1. Could you go through segment 264-273 and let me know if any residue there is touching an Asp or Glu at 6+ places or on another chain (Cβ under 6 Å), modelled with pLDDT of 95 or more and assigned to a loop (DSSP other than H, G, I, E, B).
2. Restricting to segment 285-320, count the residues that are among the β-branched types (V, I, T) and touching a residue at least 24 places away in the same chain (Cβ under 8 Å).
3. I need the full set of residues from segment 48-100 which are of a type in the set (D, E), open to solvent by 40 Å² or more (accessible area, probe 1.4 Å) and closer than 22 Å to I135 by Cα, in order please.
4. Just one of (1) surrounded by 22 or more Cβ atoms within 10 Å (Cβ to Cβ); (2) of a type outside the set (G, A, S); (3) under 19 Å from the mean Cα position of the chain (by Cα) trips up H110, so point out which.
5. If you go through segment 334-348 one residue at a time, do you hit one that is within 16 Å of ligand 2 (Cβ to nearest atom), open to solvent by 10 Å² or more (accessible area, probe 1.4 Å), of a type in the set (S, T, N, Q) and closer than 17 Å to T259 by Cβ?
6. Residues being under 25 Å from the mean Cα position of the chain (by Cα) and among the acidic types (D, E): count how many of those fall in segment 302-360.
7. Restricting the search to segment 141-152, which residues are crowded, with 16+ Cβ neighbours inside 10 Å and not in a helix (DSSP H, G or I)?
8. Hey, among the residues in segment 321-360 that are aromatic (F, W, Y) and in contact (Cβ under 8 Å) with a residue 40 or more places away in the chain, which one's farthest from Y44 (Cα to Cα)?
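The values are calculated or read from the model by the stated rules, or taken from the named source; none is laboratory data. Note that the coordinates shown come from a computational prediction; the quantities given were computed from them, not determined experimentally. Heads up, the Cβs are rebuilt from the backbone with ideal geometry, glycines too, and the neighbour counts pull from every protein chain shown. SASA here: full protein model, heavy atoms, side chains in, ligands and nucleic acids out. Shrake-Rupley method; radii C 1.70, N 1.55, O 1.52, S 1.80 Å.
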Amino acid sequence: MDVGLWGNALQSSPRAPRPDQAAPSSVTWLLTLECNRRCPYCFYQIIPVRPETGRWPRDAALKGPTAAERIAEMGRIGVADLYLTGGEPMLRPDIGSIIAQASSHGIRVHMVSKFHMHALQAEALADAGLHHITISLDDLRPAEGKRLTGASNYPAEALASIEACLAAGLDLEVNAVVTSLNADGLGSLADRLEDIGCRKLSISAMQTPHFRSSHAKGLEPQADLRPLMDRLLAGASGTMAIDFGAAGGNDKAKPCGATLVCEVGRRSLHILPNGDATRCHYMPKRPDLVIGSLLTHSILDIWRSDTFERWRRPERSMFAGTGCANCGGFDGCNSRGRCVASAFLEAGQANAPDAFCGAS
Ligand code: SF4
Ligand code: SF4
C-alpha cells in the first residue's frame, strides 16, 4: 500500500541538490506486494491475500541471515532512516525482528500500514523500537471505507489500530488520501482523530496509478482543494497538526532544476521484496529498472555500481527522440534526479521528460 507517487517526490523538494553521497542515508524497503486491502488508488498491482498468522509472503525473498546482514550493513555505512512499506508490511512474520535489528544498529525505522492492529501487536512494534508509524485512513463512513479499501469495517479497524498505537506510545501520523468520494468527510475524520489523541494528519490528493488502474477511474478529486484545506485548518483546535503536503499538487509541471526531485541514487536506495535494488520502487514489475540484487551483492556494491552511475549521469544519446536530447537543462535534471515513473506515465519510457520538466 502506498499513498502517492509525486507526493513522495515533493516531500523531498525543500532540499537543494547535493553531491552524491558515498552511501545511502535512507533505504525504502518494499517488504511484500501481498496485501489484505483493495485500495483503488494503490500504485501497486498488489497480490491479494487474507491475513493469516505465520504465513510467509510468497514474494518476500530478502529474509533470514541475508536480510540480517544487509540491515547490519545499513548500520555500518550510516543509513539513518529505513522506510518499511508494501503491500502490507505487517504480513511479514519477521516484521518485529526487522525493526528490532535495524533499531539495534541505530537506524530510525518508519512503517506505513493499513493492518488491523491489536494492543499486543502495537506494543510489540514499540518494544522493537519502531520510530514512526503512518496509518492510512481516508474516511470514517463504512460505504466510503468499502470503496476505498474493499472493506466496510476498515474505518473501525483503523481507528482501533490508531488507538492501540497511541496507547503503546508510538509516534503516529494518519494519512488521508483525498478522492472524489471522501473530500466531504475529511472534516469529521479530522475531528474524530483529534478526539482520540492523534497529533498529526497528513492529507494528500489522489494521483492516478501509473499502470492506469480501472478501479481508480473517476476517483481523482476534480475541485480545487484549497477551500477545503482552509476550512479544515479553520476548524482545527490546534492539538493536531494538519499537513497538506502535495494535496494541491495535481498540476503537472513543477519547477525544474532548482530542487531535488528524486532521491534514489542521490541519498536513497529502494529495495523490492525479492531483494532487487531498483531505480524506483513504485514500478516493481520493471526489470529494466533493477540495479542489482541484494541477495548476492552488498548495498555498497550496488550503490557504487556502473549501473547506478548510468542512472545518475545518463548519456544524452539515451534520450534520443525526446525533448531531453537537446535540452539546455539536461545536466540540471540529472542533478535534481529524474522521476522515471512519471516519465513512463507520460512517454512510456524512463529516459524522457518527467512530471517536473520545466521545458514545456
Ligand atoms: S526536457 Fe525537461 S526533463 Fe528533459 S532535460 Fe529538459 S527540462 Fe529536463
Ligand atoms: S522515480 Fe523517484 S521521484 Fe519518481 S516516483 Fe520513483 S522514487 Fe518517486
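1. yes
2. Start the filter on segment 285-320 by keeping residues that are among the β-branched types (V, I, T), which leaves 290-291, 296, 299, 302, 307.
From the residues that got through so far, the ones that are touching a residue at least 24 places away in the same chain (Cβ under 8 Å) too are 299, 302.
Of the residues in that region, 2 qualify.
3. So in segment 48-100, the residues of a type in the set (D, E) come out as 52, 59, 69, 73, 81, 88, 94.
In the following step, the residues that additionally are open to solvent by 40 Å² or more (accessible area, probe 1.4 Å) were identified as 52, 69.
Result: E52, single match.
4. (1)
5. Yes, because at least one residue in segment 334-348 is within 16 Å of ligand 2 (Cβ to nearest atom), open to solvent by 10 Å² or more (accessible area, probe 1.4 Å), of a type in the set (S, T, N, Q) and closer than 17 Å to T259 by Cβ.
6. 3
7. R141, G150, A151
8. For segment 321-360, the residue satisfying everything is F356.
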